[in-house]
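Enquirer: Sending over a structure as structure tokens; questions will come in a sec.
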Amino acid sequence: MKWESMSDFFAMGGYGLYVWGSYLVAMLCIIGEIVLIRIRKRTLYKHLGLRRKSILRGEK
Amino acid sequence: MTINWFKYASPASFYFLAGRMIPYFSIAAIIFLIVGLYIAFFSAPTDFQQGEAYRIIFVHVPAAWMSMFLYLVMAFWAGIGLAFTTRLSSMVASAIAPTGAMFAFLALWTGAWWGKPMWGTWWVWDARLTSELILFFLYIGFMSLQAAIDDPRRADKAGAVIALVGVVNVPIIYFSVQWWNTLHQGASVSLVQSPKMATAMLSGMLIMALAAWMYSIVTILIRTRLIILERERHTAWVSELKEGVLE
């Protein structure tokens with residue numbers, strides 16, 4: 001293991017703010033996109049009167 | 001045996017095909033992401049010049065690659081939809097835009113957070129950064145234009161025109177580091193030269209790029225399915241779907 005401790009890991013050799021600032025926003029963007037898709041899906045299903053998710057997936 | 005090459009060009013067949021493919025691509029995305037992040041933070045060595053700050057590369061480069069590549073794919077399908085009036089192609093193009101915009105934003109954001117400790121500034125108006133910002137605006141423009149037009153077929157056509165005109169920006173982004181003097185470093189990976197980085201760094205970056213690919217495929221397939229349902233809601237097959245007849 002290249003890191004001495006947890007705090008060493010989070011410090012990122014003094015660049016912690018920049019490294020975690022990048023990765024945190026990347027994570028938020030991905031979660032945000034997934035949430036937006038779910039909202040769009042739910043709204044559409046409600047609008048169409050679709051309930052059973054299994055039917056929509058084309059399963060029996 | 002004859003193969004019907006156009007079977008999946010019909011939105012209804014594509015709807016079910018995409019539905020079956022989504023779980024596999026989702027699993028692949030998660031696996032690549034876990035392996036990629038492990039390499040990024042635990043097996044890739046510290047950079048001798050940039051220390052640990054270079055670890056931003058594992059999200060920055062895949063995001064930048066995806067933003068450019070997805071734009072080309074989006075323009076391609078939008079163009080096919082414009083030329084041959086194939087409905088599904090235009091729907092795929094519309095489904096790509098939000099994911100492309102997200103990656104363009106991430107490339108800019110992570111670039112700024114890498115630029116600050118390395119160059120001493122969040123932003124400079126140089127060729128690479130400016131052309132990537134234009135790419136982000138092209139995605140936003142494509143989506144706003146389509147959202148502003150009520151008739152979906154007209155929205156497809158208008159979107160296709162802006163998408164095709166914007167294609168010229170992609171080679172500008174890619175070659176900007178060669179054509180102009182820039183703060184941005186040159187390409188780390190090229191098809192004609194051997195890579196200029198340690199194997200663990202390179203493999204981590206490529207695996208993260210694969211994760212970004214798989215993630216993009218998943219979101220694009222899901223969004224395409226939603227667009228198909230939205231646009232085909234008055235057709236017989238969607239009614240059958242609602243009643244549970246179609247399986």
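Enquirer: Name the most mobile residue of B:Ile140, B:Ile34, B:Ile96, meaning the one with the largest mean-square fluctuation, in a Gaussian network model of chain B with Cα contacts below 10 Å.
Expert: Maximum fluctuation in the GNM of chain B, among the listed residues, is at B:Ile34.
Enquirer: Can you compute the helix-only [θ] at 222 nm over chain B? Use -39500 (n - 2.57) per DSSP H run of at least 4 residues, normalise by all residues, nearest 500 deg cm²/dmol.
Expert: -25000 deg cm²/dmol
Enquirer: Note down the net charge around B:Gln146, summing +1 for each Lys or Arg and -1 for each Asp or Glu among other residues with Cβ under 15 Å from its Cβ.
Expert: So the surrounding residues net to +3.
Enquirer: Grab the protein assembly as shown and count how many Lys pairs have their alpha-carbon atoms under 28 Å apart, sequence gap of 8 or more, or different chains.
Expert: Within the protein assembly as shown, the lysine pair count is 16.
Enquirer: Further question on the same structure: First check a/c for the stretch B:1-151, with a ≥ b ≥ c the square roots of the eigenvalues of its C-alpha gyration tensor; if it is under 1.5, answer rounded, and if not, answer prolate when a/b is larger than b/c or oblate otherwise.
Expert: Note, shape of the stretch B:1-151 comes out oblate.
Enquirer: For the pair B:Val167 and B:Ile22, what calculated FRET efficiency results from E = 1/(1 + (r/R0)^6), where r is the Cβ-Cβ distance and R0 = 41 Å, to the nearest 0.05?
Expert: The computed FRET efficiency comes out at 0.90.
Enquirer: Hey, in the GNM for chain B with a 10 angstrom Cα cutoff, which one of B:Ile162, B:Ile220, B:Ile149 fluctuates hardest?
Expert: B:Ile149
Enquirer: Something else now. Who wins for biggest fluctuation among B:Phe84, B:Phe103, B:Phe136 in a Gaussian network model of chain B, springs between alpha carbons below 10 Å?
Expert: B:Phe84
Enquirer: Still on this structure, I have one more. For the stretch B:18-243, count all C-alpha to C-alpha pairs, find those more than 23 Å apart, and express that count as a whole percent of the total.
Expert: Tail of P(r) above 23 Å: 53 percent of Cα pairs.
Enquirer: Same structure again: How high is the relative contact order of chain B? Use alpha-carbon pairs under 8 Å, at least six apart in sequence, and give a whole percent.
Expert: Rounded, it is 32 percent for chain B.
Enquirer: Please list the three semi-axes, largest first and in whole Å, of the ellipsoid equivalent to the protein assembly as shown, using sqrt of 5 times the eigenvalues of its alpha carbon gyration tensor.
Expert: Ellipsoid half-lengths, sorted descending, are 38, 23, 17 Å.
Enquirer: For the stretch A:6-56, take N as its residue count and report Rg(C-alpha) divided by 2.2 N^0.38 Å.
Expert: So the Cα radius of gyration is 1.93 times the expected 2.2 N^0.38 Å.
Laboratory data are not the source of any read-out in this text; all were calculated from the coordinates shown. These figures come from a predicted structure and were not determined experimentally. Note: ideal-geometry Cβ built from the backbone for every residue, glycine included; neighbour counts use all protein chains shown.
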